[in-house]
Structures are given as C-alpha cells and as structure tokens.
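Here the structure is laid out as structure tokens; the discussion comes afterwards.
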Amino acid sequence: MLAPTKDKEIVEFTKKLKDILDKSKNILITGHKNPDGDAIGSALSIYTFLKNLYKDKNIKIAFKDKVPYFLSFLPFSDKIEKLEKYKDSNFDTIIVCDTADIKRIGTFLPKAKYIVEIDHHKERKPFGNLSLVKSPLSSTAELVFEVLYLLNPDLIDLNISYQIYTGIYSDTAGFSYETVTTRTFSIASFLLSKGVNPRIIFTNLYERNPYRKLKLLSLALSRIKLWEDIKFARTFILKKDLEKYKATYEDTEGFVNYPRSLENVEIAAFYLEKDFGFKVSLRSKLYFDVSLLALKFGGGGHKHAAGFEVNIKDVKKLDNLLVENIKNLIENFSF
C-alpha cells in the first residue's frame with residue numbers, strides 16, 4: 001500500500017478543499033484552453049472522484065476547447081462540455097487544473113463563491129480563493145493524485161488511474177524529464193496495480209495519427225531550419241496548410257519534438273499560425289530553460305516545455321526575434 005504524502009501544504013490544502021466541497025452543491029471542473037493530457041487527465045480524475053464521493057451533487061466538467069482525438073479514449077471524456085455553455089451560470093465551487101494564469105482559460109469563468117487552483121507551473125498569476133501549487137513537480141496530475149489519495153484512496157478506481165497515469169505520462173514525455181522522482185514512479189506503480197495497461201495509453205497518444213497528420217508532418221519536416229551557432233531549430237505550419245489537408249490544430253501535436261531531435265540542437269520551436277499571429281511551442285533537450293524564453297513574450301511553462309502567443313504574422317520576423325532573444329539568454333550560459 002502506498003503511504004500518503006506527508007507534505008504539510010498538501011495535507012492542509014486537502015482539509016480545506018474537503019470542507020469547501022462538503023458545503024458545495026454545484027461544482028465545475030475546468031483547465032486551460034487547448035487542453036493537453038495533463039489538463040484533461042487532472043480534471044477528469046477530479047470529476048470522476050467527486051462523482052464517486054458525492055452522489056447528490058451537481059458536478060460538471062467543461063473546457064473552452066474540445067478534447068483532442070488522442071485523449072478521447074479516457075474514461076468519461078465524453079462528459080466534457082463546452083465552457084461557454086456555463087458562462088452565465090453560478091457555481092458554488094470551480095476547480096481549475098493546470099492553469100498558471102486565468103487568461104489561459106481562454107474565456108470568462110462562470111461566477112463562483114470559491115475558485116480552487118491546482119497547478120505545478122513555476123511562473124504564475126494567482127487567481128483563486130484556495131491554491132495548491134507545487135513546482136517543480138512532474139505534473140498537475142501527480143499533485144491531484146496526492147489530494148485524492150488523502151481524501152479517500154479506496155475511491156481511486158481503474159478509471160481514475162487511467163486518467164492520472166495519462167496526465168503524468170503526457171507531461172513528462174513518458175517519464176523522461178528530471179521532474180520525475182521516486183515518488184512519481186511509486187504513484188505510477190500504484191496506478192498500474194489498479195489495472196492500467198501502459199500500452200493502451202501509449203497507443204492512443206502516439207499511434208492513432210490520421211493520414212492528414214502525416215501529410216502535414218512531411219511539410220513541417222521540410223521547413224526545419226537550423227541555427228547551429230545557438231543550437232536552435234524550428235519549423236512551422238500555416239493556416240493554408242491546415243486547409244489544404246483538411247487538418248486541425250490538434251493534428252500538429254508533437255511537431256515541435258522533431259527539430260528538438262536533431263543532433264546538437266538544444267532549443268526547438270514550432271510556430272502554428274492562428275488568426276492573431278502565431279502560437280509558439282518551445283522545447284529544450286537537456287540544459288536550457290525555455291520558460292525563460294517564453295516569459296520574454298508573455299508566455300510561460302516549464303524548463304523543457306513552454307510556449308507563448310505573438311501578434312506577428314511573418315515567419316522571418318519571428319525567426320529574427322527568437323534568435324535575438326536566445327542569443328541574449330545564452331550569453332552567460334554554457335551548453
């Protein structure tokens with residue numbers, strides 16, 4: 001049996017959360033726009049757990065954007081609604097997962113007496129009545145597990161185990177980042193003991209690609225550009241490319257990892273054209289903290305995975321801007 005965490009902050013937060021939940025009749029769980037595996041897995045695990053714990057409460061889960069196709073295998077993902085549906089609603093409690101800034105929700109939150117934050121991002125703009133933030137930590141899903149396990153370990157069933165394992169796996173690139181600890185693996189072991197099949201998760205995340213995605217990927221690979229002197233590489237996809245292949249934004253998931261995989265590249269970027277300009281995803285291989293680069297443009301994230309949005313529509317101009325900022329950041333940095 002896994003021993004519950006002794007972290008005083010998590011223990012105290014869980015007590016306060018239980019008190020709030022006991023008094024709440026209407027509860028909403030949400031997370032950031034363009035949700036990834038950690039946001040979806042974390043929110044779904046809380047939703048499923050609370051549905052098991054409270055049979056008489058009105059519990060909803062909603063995001064601004066739809067669930068990506070590669071996460072649709074998760075139990076109860078079909079229960080996730082559009083957040084816009086509840087913009088004029090009143091909730092007793094809203095639990096926000098994996099969100100460092102309320103603007104990352106992507107739309108207005110409904111009104112609520114209590115807003116609860118559970119997150120693991122280093123750079124934050126707090127917005128809740130009750131917050132639990134642990135950084136560095138592998139994922140928000142790992143933090144959610146600690147809270148749910150304190151509340152009632154017997155309620156963590158196979159469905160919840162799949163949701164949490166997927167969140168952790170997604171945000172650690174398959175347990176490959178240094179934020180992974182012995183505790184992370186202990187939690188993963190517990191989830192496996194509940195019956196989780198890792199192959200099912202891997203297959204859904206990485207081997208359910210529609211044909212259009214591979215056609216789009218071939219284009220992205222042809223556009224990789226390398227700056228050897230600063231160990232930087234990037235690629236990009238334009239709106240017209242998506243239209244040509246009848247693809248969606250979620251079809252570009254993981255494209256940033258290809259320039260990062262190049263030998264001698266430390267920093268990688270993927271530009272995705274949007275109506276406002278470009279959404280930029282950043283990755284690093286071993287040493288560089290790309291969240292510092294993202295912060296330069298009002299974004300954020302983690303050491304090895306971060307991003308930002310910029311009102312620039314010219315790829316060459318964006319290249320120049322990124323290269324200039326990378327050069328400034330690495331002046332006193334040794335790879």
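Note on segment 125-148: among residues that are of a type in the set (D, E, K, R) and without any contact (Cβ under 8 Å) to a residue 60 or more places away in the chain, the one that is surrounded by the fewest Cβ atoms within 10 Å (Cβ to Cβ) is Lys125. Considering Lys33, Lys16, Lys64, Lys23, the condition of being touching a residue at least 40 places away in the same chain (Cβ under 8 Å), surrounded by fewer than 19 Cβ atoms within 10 Å (Cβ to Cβ), charged (D, E, K, R) and under 25 Å from Gly174 (Cβ atoms) is satisfied by Lys33 alone.
Could you say which residue among Ile164, Ile224 is in contact with a Leu (Cβ under 9 Å, 6 or more places away or on another chain) and crowded, with 20+ Cβ neighbours inside 10 Å? Result of the check over Ile164, Ile224: Ile164. In segment 43-58, the condition of being in a loop (DSSP other than H, G, I, E, B) and among the aromatic types (Phe, Trp, Tyr) is met by at least one residue.
Which numbered condition trips up Gly254, out of (1) within 15 Å of the chain's Cα centre (by Cα); (2) in contact (Cβ under 8 Å) with a residue 60 or more places away in the chain? Gly254 satisfies all of (1) within 15 Å of the chain's Cα centre (by Cα); (2) in contact (Cβ under 8 Å) with a residue 60 or more places away in the chain except (2). Identify the residue in segment 58-73 that is aliphatic (A, V, I, L, M) and within 14 Å of the chain's Cα centre (by Cα) and, among all such residues, is nearest to Pro198 (Cα to Cα). Top of the filtered list is Leu71.
Of all residues in segment 216-237, count the ones that are part of a loop (DSSP other than H, G, I, E, B) and either among the acidic types (Asp, Glu) or touching a helix residue (DSSP H, G or I) at 6+ places or on another chain (Cβ under 8 Å) (or both).
Counting residues in segment 216-237 that are part of a loop (DSSP other than H, G, I, E, B) and either among the acidic types (Asp, Glu) or touching a helix residue (DSSP H, G or I) at 6+ places or on another chain (Cβ under 8 Å) (or both) gives 1.
Among the listed residues Leu217, Leu191, Leu242, which satisfies the condition of being within 30 Å of Ile156 (Cβ to Cβ) and crowded, with 16+ Cβ neighbours inside 10 Å?
Numbers: Leu217 fails: within 30 Å of Ile156 (Cβ to Cβ); Leu242 fails: within 30 Å of Ile156 (Cβ to Cβ).
Unique residue meeting the criteria: Leu191.
Every number in this text was worked out from the coordinates using simple rules, so none of it is lab data. It should be emphasised that the depicted structure is a prediction, and the values quoted were computed from it without experimental measurement. Here Cβ is always computed from backbone atoms with ideal geometry, including for glycine, and neighbour counts include all displayed protein chains.
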